[in-house]
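Below is one structure, written out as structure tokens, with a few remarks after it.
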Amino acid sequence: MSITVSAPGKLMLLGEHAVVYGYPSLVTAVDQRLYVTIDKAQGMNDIIETPQVKNTSFVSETLSYFRNKYHKNDALSILTRCDFSPKLGFGSSSAVTVALLKALNLLYELNLTNDEIFHCGYEIVLKVQGTGSGFDIAAATFGKTVYYVRGGKTLEMINVPSLPLVVGYSGVKADTATLVRQVEKARDYNPEHIDSIFRAIEKLVISGRDALRNNDYKSFGSLMTENHSLLKRLNVSTPVLDNMVDGAVKAGAWGAKLSGAGGGDCMIALVSDTTRPAVEDAIRLTGGEIVTVTPNVSGVMIERT
Ligand code: MEV
């Protein structure tokens with residue numbers, strides 16, 4: 001009997017890069033999901049078809065991690081499908097890791113909690129990438145909007161009734177590992193400078209958490225724009241992302257910023273119903289592609305057993 005589990009993609013609202021160094025961040029799960037269907041396979045070999053997953057090491061590492069830890073060695077059939085393209089940076093690697101762990105948990109009736117799934121998922125990320133805060137694993141596991149500190153040291157769900165975002169894709173695929181390494185090098189070279197930027201980011205993440213709790217979109221928006229300026233000072237933005245962000249703010253968004261590692265992928269803008277059309281037009285005018293998402297959705301879930 002096959003089992004299907006889904007996990008959501010994610011968007012970083014505030015705090016990227018600084019979160020790798022133990023500072024807090026705010027992340028939201030989006031309604032574009034990745035689905036994993038598993039079953040025991042007929043023959044001796046695994047049948048793995050995961051074409052939407054950019055880095056298939058996440059699938060192989062999750063399987064070997066699970067098999068080593070729980071001594072379950074049946075050949076498996078694993079298939080994925082996905083609502084979003086891996087080019088967007090919504091986190092297909094973290095979503096497949098979490099969805100596969102949850103599906104294996106159900107197949108073998110292990111009763112793992114979501115906390116356990118999160119910690120296994122984060123270990124797998126560190127094995128494959130060697131670095132990372134795990135915020136994407138947290139979003140895929142717990143969903144909603146989370147105030148997050150690396151490794152799940154703090155994992156606080158923020159109760160937001162809605163989060164009216166416009167998402168613009170820059171047309172460029174970013175490489176997170178390269179950008180994380182670039183910031184690391186800059187920090188090795190001038191720690192005081194980079195740490196002062198991280199501390200400024202920390203401050204606005206904490207203010208952002210309060211603004212979200214109070215549904216104060218105006219304040220949250222200006223914190224987003226401030227965060228974008230700090231990311232520019234970290235040298236992770238690009239002229240295309242800057243133009244999209246400037247265009248969105250000029251068109252009346254409460255605020256806008258790049259979301260994720262930078263270097264490409266997506267930017268986000270916070271908008272009212274009234275400003276949404278103008279902001280979307282402004283982003284299109286700068287060459288961006290609008291990606292329709294609903295933020296603040298459920299984490300990993302069983303679709304079919
Ligand atoms: C990438 O989407 C966000 C970074 O902060 C990396 C991470 O948190 O793992 C740059």
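The values are calculated or read from the model by the stated rules, or taken from the named source; none is laboratory data. Bear in mind the structure is a predicted one, so any value in this text is a computation, not a measurement. Methodologically, a virtual Cβ is constructed for each residue, glycine included, from the backbone with ideal geometry; neighbour enumeration extends over all protein chains shown.
The rows are residues; the columns are (1) hydrophobic (A, V, I, L, M, F, W, C); (2) in a strand (DSSP E or B).
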site: LYS69; (1), (2): no, no
site: LEU79; (1), (2): yes, yes
site: ALA99; (1), (2): yes, no
site: VAL146; (1), (2): yes, yes
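Here is a yes/no grid of residues against (1) among the aromatic types (Phe, Trp, Tyr); (2) farther than 20 Å from GLY260 by Cβ; (3) away from the ligand (no atom under 16 Å from the Cβ):
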residue: ASN73; (1), (2), (3): no, yes, yes
residue: ILE78; (1), (2), (3): no, yes, yes
residue: PHE84; (1), (2), (3): yes, no, no
residue: LEU107; (1), (2), (3): no, yes, yes
residue: LEU110; (1), (2), (3): no, yes, yes
residue: GLU116; (1), (2), (3): no, yes, yes
residue: LEU126; (1), (2), (3): no, no, no
Looking only at the stretch 3-29, and only at residues there that are among the small types (Gly, Ala, Ser) and either buried (at least 24 other Cβ atoms within 10 Å of the Cβ) or at pLDDT below 95 (or both), the one that is farthest from the ligand (Cβ to nearest atom): SER6
Counting only residues that are under 16 Å from the mean Cα position of the chain (by Cα) and at pLDDT 95 or above, how many does the stretch 167-191 have? 5
Verdict on ALA95 being in contact with a Pro (Cβ under 8 Å, 6 or more places away or on another chain) and part of a helix (DSSP H, G or I): yes
Cross-chain or 6+ apart pairs with Cβ under 6 Å, the stretch 124-140 first and more than 22 Å from ARG33 (Cα to Cα), then more than 10 Å from the ligand (Cβ to nearest atom): LYS127/GLU61
Hey, can you tell me all the residues within the stretch 239-256 that are in contact with a Leu (Cβ under 8 Å, 6 or more places away or on another chain) and closer than 23 Å to ALA174 by Cα? LEU241, VAL245, GLY247, GLY255, ALA256
Look at the stretch 271-296 and say how many of its residues are in contact with a strand residue (DSSP E or B) (Cβ under 7 Å, 6 or more places away or on another chain) and either among the hydrophobic types (A, V, I, L, M, F, W, C) or away from the ligand (no atom under 16 Å from the Cβ) (or both). 13
Flag if ASN55 is free of Cβ contacts under 8 Å to residues at least 12 places away in the same chain and at negative phi: no
Which of the residues that make up the stretch 129-186 are of a type in the set (S, T, N, Q), more than 23 Å from TRP254 (Cα to Cα) and away from the ligand (no atom under 13 Å from the Cβ)? THR141, THR154
For residues that are within 18 Å of VAL291 (Cα to Cα) and either among the polar types (S, T, N, Q) or buried (at least 21 other Cβ atoms within 10 Å of the Cβ) (or both), tally how many sit in the stretch 210-248. 6
Among ILE194, ILE268, which is the only one that is part of a strand (DSSP E or B), within 16 Å of the ligand (Cβ to nearest atom) and among the hydrophobic types (A, V, I, L, M, F, W, C)? ILE268
